[in-house]
Amino acid sequence: MTTQTLGVVMNGVTGRMGYRQHLVRSVLAIRDQGGVVLPDGSRVHLKPVLVGRDAGKLRAMADMHGVSSWTTDLDTALSDAGNSIYFDAQVTPAREAAIHAAIAAGKHVYTEKPTAETFDAALGLARAAQTAGIRNGVVQDKLFLPGLLKLRRLIDGGFFGRILSVRGEFGYWVFEGNWQPAQRPSWNYRTQDGGGIVVDMFCHWSYVLENLFGRVEAVTAKAVTHVPTRWDESGEEYQATADDAAYGIFELEGGVIAQINSSWAVRVHRDELVEFQVDGTEGSAVAGLRNCRVQHRSATPTPVWNPDLPVTEPFRDQWQEVPDNTGDAGFDNGFKVQWEKFVRHVVADELFPYDFFAGARGVLLAESGLTSSAEGRRVELPKTEAAKA
């Protein structure tokens, strides 16, 4: 079988997500497995080109992982005809201009989210990519998590009957940075640097809800900054200007109601860092990152409310675990799976619905959530071309 090699310009790989999930666990893992297998059995090898601002970090990273190409000059990487794909994992404020440059250079573009700082800018990227005729995609990794893949299986199999509601809980305690190091970078807590949990997580909830239950038609949200003072990577105190928690109600097409709490100021008392409970007329499920449990209508007990007596029913024991059903292979890394799908989209014209218009809908939901919070009202999402795409 034939093989071909695609150069992949990877901008922002010195950051946590760009390095761990996209470089090491996706592109290098694909390299080590011998490339992406196409439908005809041929393979595509990926040649990463590392791009960033810190030459020392890039050189050390390249040496560590046997990567031959790196540069601090994005234009140089984009001008190389051997580089077919541009990937962006930079901080949000730097993303829009870099993607426009990649589109102008004729590169196919795959990017982290949010795709831009505003909905208008995100829509502009989608239009530019469409006009240029380049393949484009946005990371929507949570759809490929084992727990949500099991949930998808239940939905496709009609397990729930008519779905009524979705309740999501996401978050964990992020240390302030003074007496214990923070697990997230300080820019996450500064609005001026593109931070905020609404901007970060509502883009995720947009594609999770859309792909599993229906597109969001209206949102009511409250965004707050619970921890106003934090300490940065240098140990300097700073004021958090961005929201670190958001409480949202999402009205979906078809009448499903979703409620999702997102917080970096909550301590975990659940089985996984994110969990979704889905309730339907025929059954319910609770799905996390890896696991999914169900309770069918036929096995639903009859709890009796009596505040004067202790609870004796083992509620969690009344649910059944959904099996993996994947054989010896198990579930692959979700980021890597989506990388392989995008490469097949570029080379073999396979379907890839997670495009820049989908990314723009995520930015629109974040903007609408912030508007709802600031104005204290329910916000209907406008019927734009992104909503129709």
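The values are calculated or read from the model by the stated rules, or taken from the named source; none is laboratory data. Keep in mind the model is a prediction, meaning the values are calculated, not measured. Every residue, glycine as well, gets a Cβ built from its backbone with ideal geometry; the counts of neighbours run over all protein chains shown. In case anyone asks, the SASA skips ligands and DNA or RNA and just uses the protein heavy atoms, side chains included. Shrake-Rupley method; radii C 1.70, N 1.55, O 1.52, S 1.80 Å.
Descriptive notes on the structure:
- Full-extension gain in nm, Gln192 to Glu380, via 0.36 nm per residue minus C-alpha separation: 65.1 nm
- Mean-position separation - Cα centroids, segment 26-70 and segment 186-245, in angstrom: 31 Å
- Between the beta carbons of Tyr238 and Ala104, assuming R0 = 41 Å, the FRET efficiency works out to 0.70 to the nearest 0.05.
- Most to least packed among 303-311, 375-383 [average Cβ atoms within 10 Å]: 375-383, 303-311
- Measuring with a 1.4 angstrom probe and ignoring ligands and nucleic acids, Thr220 comes out at about 50 Å² accessible.
- The listed residues Tyr207, Tyr19, once ranked by accessible area (1.4 Å probe) with the largest placed first, stand as Tyr19, Tyr207.
- Per-residue ³J(HN,Hα) for segment 179-186, Karplus 6.51 cos²θ - 1.76 cosθ + 1.60, θ = phi - 60°, Hz, x for Gly and Pro: 8, 9, x, 6, 8, 10, x, 5
- Reachable aspartates and glutamates from Lys150, criterion Cα separation under 16 angstrom, eight or more residues apart if same chain: Asp141, Glu272, Glu275, Asp279, Glu321, Asp324, Asp332
- Carbon and sulfur %, accessible surface of the chain computed with the full protein complex present, 1.4 Å: 50 percent
- Packing, as the average of other Cβ atoms within 10 Å across residues, places the peptides 276-286, 334-344, 251-261 in the order 334-344, 276-286, 251-261, highest first.
- Value of relative contact order over the chain, rounded to a whole percent, pairs C-alpha under 8 Å and six or more apart: 20 percent
- Each 20 Å bin from zero up to the one holding the largest Cα-Cα distance in the chain carries the following percent of pairs: 25, 57, 17, 1.
- Eigen-decomposition of the gyration tensor built on the alpha-carbon atoms of segment 272-389 gives equivalent ellipsoid semi-axes of 36, 27, 12 angstrom, largest listed first.
- Judged by the ratio a/c of the largest to the smallest principal axis of the C-alpha gyration tensor, segment 4-130 counts as oblate, that ratio being 1.5 or greater while a/b is no larger than b/c.
- Rolling a 1.4 Å probe over the heavy atoms of the protein chains gives segment 185-323 an accessible area of 50 Å² per residue.
- Using θ = phi - 60° and Karplus 6.51 cos²θ - 1.76 cosθ + 1.60, couplings along segment 350-360 (whole Hz; Gly, Pro as x): 6, 5, 9, x, 8, 9, 5, 5, 4, x, 5
- Bridges between two residues of the chain, per DSSP, are antiparallel at a rate of about 55%.
- Overall, the chain carries a charge dipole of about 520 debye about its Cα centre when +1 sits on the Cβ of Lys and Arg and -1 on the Cβ of Asp and Glu, all other atoms neutral.
- Every helix of 4 or more DSSP H residues in the chain counts as -39500 (n - 2.57), and over all residues that averages to -9000 deg cm²/dmol at 222 nm.
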